[in-house]
Amino acid sequence: MPIQLLSEPIRKYIRDKRWEELRAIQAAAITRILTTSHNYILVSKTASGKTEAAFLPILSSVNFNKSGVQVLYISPLIALINDQFYRIEELCHYLEVPVTKWHGEANRTQKKHLLMDPKGIVLITPESLEAMFVNNPYNIKYLFSNLKFVVIDEIHSFIGTDRGIQLKSILSRLQKINTVPFRIIGLSATIGDYEEAKQFVGNDNETKVLIDKTTNEIQVIFRYFKIETVEYSLELLKNIYRETKDNKVLIFPNNRGKVEEIAVKLKKIAERVGGHKNYFSHHSSVNKDVREYVEFFAKNNKKENFTIACTSTLELGIDIGNVDKVIQVDATHSIASLIQRVGRSGRKEGIKSKLYLYSTNKWSLLQSLASWLLYKEEFIEPPLFIEKPFDIMLHQILSIVKEYSGVNEIELTKKIENNFTFIHISKEEINEIIDYLISNDILEKIDKEIIIGIEGEKFVNSRDFYSVFKTEEHYKVTNSGNTIGEIPFSPQIREDENILLAAKIWKIKLIDFKSHKIEVCPAKDGKNPLFFGSGGLVHPRIREKMLEILISEEEYLFLDQPSSEEINKLRQKFSPFNILKPSEERPLFLKENKAQLYTFTGTRINRTIQLLLTIMDIQNIMTDNDSFFEFSTSNIVWDNFTDTLLNSIVYVDNHLSKLLEKNPTILDFSKWGILLPKKYQISLLKQKYYDLESTIKFLKSIKLVIK
């Protein structure tokens, strides 16, 4: 019995909680963690007890009387740290083990107490760890040189991202200063590539994945409301209101502006018909205190219904209690995101998850349907693999030089070479980038020692240095001294203009450009805040599934009548092509001097095809959510079109070099790429923004079917 492997204080915790039995992931994790020395990735649905699955055996095996912090919990969100703190603290109470939050908003007194007497468990973000390496390297060694376990929550949110590469590097640096290797336990509900997850912790041979494939039954309903204007139609909003008014609901549109529009307009409808008043918005631009109130209300309010329009801020594992329904408005960019969102409902045993998928245009409907069917087939997008993350390596070079207040050049190169994050980057490439940084005064070489240069000081001494993702320039929005939130500046921000924020309408009274503050007062009507952006990468398999649906005759009972009719219209449009092999054939419409090529492939491949078309000076427009290329020329020879594109690949580097000179903002996806030599900037573009390798395979495999 796994319970018998646990220490007596932890068994008492289980008895006091009156658990009738352990959950599957808990039983498996307890046995494996306590009887082996492996790292583990624990994968199971939302609200399946993964936190306890990790900490029950950890707390039973670690001797917390030893000096130093014994367990480090790393989270992608401060809000998740604050939420998990109480669960972990309750567990640790039975062992009298101290738990400390360490992030920018955490209590300073508790931090000082930890420094005076380092022990127990610390909850932290990657950025706070980075800041400690840079500013207080002694504290890193003093606190964390005796770690036994590192727990990474929502590990899928790191894998395949710049932030994840940074975290990998930090883990490698932590391992170097540790007296013995610590074990890593990752937690996730959605992982698309288990091998990549194992490699993320740095030792895939010593890492095992425990998977509980138990899922809640999901009741899914598709709704279609065609909208040709910028704002949502009243018909759509009324339908959403009817579905939400008597329930606890999360609504996920795809950007912050739409979140505010839905929250404000549903609240207006409720006011007119005498419905409840609990309509909220929750996203990164809403003030932290307001977001925390919304989370507290949702978690602790048992009687009143509520509706929270939100972005991915409520996609991860913050506990807001049980939700009756989840509504997604227009297609998510990824199946992983859809799984996380639907996991917020049906958290009680035996209760179905209820998912409503609303679409406002035909391509969003088709993509939503494709994503849902792939989810049922258990497909999740694999993470983006960056073989040579030169930009994050550059950031870590600066961090290491700052950490040591100067380091021998040979030693610096070795530290990067021995960091498992950068194993695919050669010594020559490392040295070339270091030399380039020296030549630009970002680093300075004195004899054989490398220190931060005059230009480099501007970067490493900035509060923004610790993160590897770009943040928008925000203006703080206040009303009578109360902070409502922060919004990025845009042409829409003008005095006497109305904006939507925190589920309310505000009139801008005053803009203080010097202090970046906006004073507002309540208003009755306002425009949808278009200044909030959106975007995301769609995987090729989703688009290929869209084509499979179009050539299929299968009827889907979960579609409402308008959805079915719209899918059938699309099928009729593509039926003349008689496509039999959706993995190989692609439809091409020819009409007078216009052509429409439907690639049905992923975002990065489409970007690359457009790049090749530009190199060949073939005028084109990508339209309808990356659905097809439109050409206005009749001079294209379609018989060898794909061969022509393939032949242009040899000119890619030269074209990208010129593109970087004309439009350096194309590198905006990389915060630190701007500091790299041009050839490494080109490499970043090819690795992160475009996808040459997959595009070559795609173009070699497809055949154009012309009508």
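Each peptide in 13-22, 546-555 receives the mean, over its residues, of other Cβ atoms within 10 Å, and ordering these scores from highest gives 546-555, 13-22. When the listed pairs Lys119/Lys208; Lys427/Lys662; Lys12/Lys50; Lys238/Lys265 are checked against a 21 Å cut-off, the alpha-carbon distance exceeds it for Lys119/Lys208; Lys427/Lys662. Note: relative contact order over region 2-211, using C-alpha pairs below 8 Å and six or more positions apart, is 28 percent. Annotation for Tyr138 and Glu217: the two label points, set 7 Å from Cα along the Cα-Cβ direction, are 6.3 nm apart. Stretched out straight at 0.36 nm per residue, the stretch from Gln572 to Asn107 would grow longer than its current Cα-Cα span by 161.2 nm. Note on region 578-706: percent of Cα-Cα distances in each 5 Å bin, starting at 0 and stopping at the bin with the largest distance, equals 2, 10, 20, 23, 19, 13, 8, 4, 2, 0, 0.
Quarter the surface of the alpha carbon convex hull of region 390-466 and you get the mean projected area, 4.6 square nanometres. Taking every alpha-carbon pair within the chain, the share separated by more than 46 Å comes to 23 percent. Applying the Kirkwood pairwise sum to the alpha-carbon positions of region 1-119 produces a hydrodynamic radius of 15.4 angstrom.
So for the chain: antiparallel DSSP bridges make up what percent, rounded to the nearest 5?
Working: 33 of 90 bridges.
Percent antiparallel among DSSP bridges in the chain is about 35.
Estimated from the Cβ-Cβ distance and a Förster radius of 45 angstrom, the FRET efficiency linking Glu228 and His424 is about 0.40. On the beta carbon distance between Lys376 and Lys268, with R0 = 45 Å, the FRET formula returns roughly 0.80.
Each Cα pair under 8 Å and six or more residues apart adds its separation to the average, and for the chain the resulting relative contact order is 12 percent.
So what's the net charge close to Phe489: Lys and Arg +1, Asp and Glu -1, counting the other residues with Cβ under 9 Å from its Cβ?
Details: positive: none; negative: Glu472, Glu473.
Here the count lands on -2.
Extension gain, Lys476-Leu115: 0.36 nm per intervening residue step, less the Cα-Cα distance, totals 126.6 nm. With 0.36 nm allotted per residue and the present C-alpha distance subtracted, the Asp496-Asn247 stretch has 86.0 nm of extension available.
Here the contact order of region 218-376, divided by its residue count and restricted to Cα pairs under 8 Å and six or more residues apart, works out to 32 percent.
How charged is the neighbourhood of Val201? Take every other residue with its Cβ under 10 Å from the Cβ of Val201, and add Lys/Arg as +1 and Asp/Glu as -1.
On the way: positive: Lys168, Arg183, Lys198; negative: Asp204, Glu206.
Value of the local net charge: +1.
Once R0 is set to 41 Å, what does the formula 1/(1 + (r/R0)^6) return for the Cβ-Cβ distance between Glu96 and Ile666, expressed as a FRET efficiency to the nearest 0.05?
Details: r = 55 Å, r/R0 = 1.34.
It comes to 0.15.
Using helices alone, what [θ] at 222 nm do you get for the chain, with -39,500 (n - 2.57) per DSSP H run of 4 or more residues, divided over all residues and rounded to the nearest 500?
Calculated from helices alone, the mean residue ellipticity at 222 nm is -12000 deg cm²/dmol.
Where a number appears in this text, it was derived from the coordinates with a stated rule and is not lab data. Remember, it's a predicted structure, so these values are computed and weren't measured experimentally. Neighbour counts are summed over all protein chains in view; Cβ atoms, including those assigned to glycine, are modelled from backbone coordinates with ideal geometry.
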